[in-house]
Structure formats: structure tokens, C-alpha cells
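One structure is given here, and the rest of the page talks about it.
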Amino acid sequence: MTEVDAARTGKRAQTALWDPRQESGGQTADQIRQAKILLWKGHCSVHMLYRPEHVAEMRRKHKDVTVLVHPEVRQEVVDLADLSGSTEYIIKTIEAAPKGSRWAVATETHLVNRIANEAKRRGVHVEMLSGCQCLCTTMYRIDQPHLLWALDNLAEGRVVNQIKVHPDARKWALVALNRMLELLGKGSVKSSLAARSRPRGKRSTTEASALSD
């Protein structure tokens, strides 16, 4: 239960918001110990473009619409939506949508356009929740030409656009990741430097690249 849910229900929150700009994240020692999960104070600038009035306007135009949103939109938008879930959840929900149904989706514009084009062939109407141009320019750089370029270089033993992480950051990020996976019953990720000893041209594609300009 998050702090938002706790404020509405009067129950005790299981999470605490960690603000990296404040000492100890802006939390007391007791708050940190009592929290099951520490949430990083951040946001997706793309999803934050969606606003509650977009939901109201969509419902005004289409009485039969189902509003489906990514959980990184504002909490107020999640509360007004019919459904919310991950990118995978959004894709699967639209794939299973019945013919003739109408959907308004709040997530990155290219994803919405792709699933809308596919759904149209099945007689399902999908549109963006808003015309606010929810565009992720970072994701947009990850395209097929850059992917091919990175893979070609890997095949020749060259790592291009390599991302390096400070050892301390890597260590604690792995701890956080494994704790999250354990909560989901998904096992854990092992840290390994074995790739450094592999012959040239034999690196895993998962080690490699930031596929950007």
C-alpha cells in the first residue's frame, strides 16, 4: 500500500518516498525501517503530459470509451481511468478487445499508433487519450538501423556506445533489483564479469550498447 492509498484509506503505508536531494531521502530512520519498499522520487516526463481533463474530454466525446492508461501517468489520471497497467498489459488488453469496442490509451505515442493500426484490422477503435504528443525522444532513437549497426559491431568484436556504471551504483542497483524480483517470486540476477574474459566477437548482446545517436 502506497502513501497515496494510505491517505485515502487511513491505513498504514508500506512505502516511503526517497528524495535523493534530501538527507536520508527526507525520511526518518524509523520511516525507512518500517517501509517495505522505498520509492525513488522521480517521474516520467512523457506520461506526466496526460491530465485529468483529457479523461473528462474523451468521455464527453465518446460515452462508450474504455480508458486504459500506463501507471506512470499522474495518480489523478489513474484514478479516473477504467484500467491501468504496464506496456505488456496494454498490448495484451487491446489484442483481446472485442470487435466494435472503443479505447483511449494513455502512453507513448508510437506504441499507441502501432497497436491502433493493428486493432483497426480487427474492427477495434484505439486512439490516444490526448493529442498532447506523448513522445519519448529517447526511445525514438532506438530504431532498426541503429540496432543493426550495434549488432554488426558486436559481431566484429567492437562494443559501441557502451554504458559504464560506477561499481557502487552497480552493486546497490543489483541489490534493489533482486529484492524486487524476490517479491515477485522471479528469482534473482547474478552479477558476473565473465564477459570480460570472452574472446573478441563473443560478447552477449545484452552487455553492449546504448542504441542512440
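Derivation of every value follows stated rules applied to the coordinates shown; laboratory data play no part. Note that this is a predicted model, so its numbers are computed, not measured. Methodologically, a virtual Cβ is constructed for each residue, glycine included, from the backbone with ideal geometry; neighbour enumeration extends over all protein chains shown.
Numbers for the structure displayed
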| item | result |
| --- | --- |
| Per-peptide average of other Cβ atoms within 10 Å, ordering 100-113, 55-68, 72-85 highest first | 100-113, 72-85, 55-68 |
| Cleavage-rule hits (trypsin sites (Lys or Arg not before Pro)) in the range 120-152: DSSP loop, at most 16 neighbouring Cβ within 10 angstrom | Arg121, Arg122, Arg141 |
| Within the range 97-112, backbone nitrogen closer than 20 Å to the virtual label 7 Å beyond the Cα of Arg121 toward Cβ | 97-103, 110-112 |
| Counting DSSP beta bridges with both ends in the chain, the antiparallel % (nearest 5) | 5 |
| Exceeding the 22 Å Cα-Cα cut-off - candidates Lys11/Lys36; Lys61/Lys99; Lys61/Lys92; Lys63/Lys99; Lys36/Lys164; Lys36/Lys92 | Lys61/Lys92; Lys36/Lys164; Lys36/Lys92 |
| Local electrostatic count, Asp64, Cβ distance below 14 Å [Lys/Arg +1, Asp/Glu -1] | +4 |
| Placed amide H near Val67: partners under 5 Å, 5+ positions off or other chain | Asp82, Leu83, Ala104 |
| Test item: Cα-centred dipole of the chain, Lys/Arg +1 and Asp/Glu -1 on Cβ, debye | 580 |
| Efficiency of FRET from Cβ geometry, Lys99 and Leu148, R₀ 41 Å, rounded to 0.05 | 0.65 |
| Rounded, prolate or oblate (a/c below 1.5 giving rounded, otherwise prolate when a/b exceeds b/c) for the chain by Cα gyration tensor | oblate |
| Dipole magnitude (debye, nearest 20) for the range 33-77, charges at Cβ of Lys, Arg, Asp, Glu | 180 |
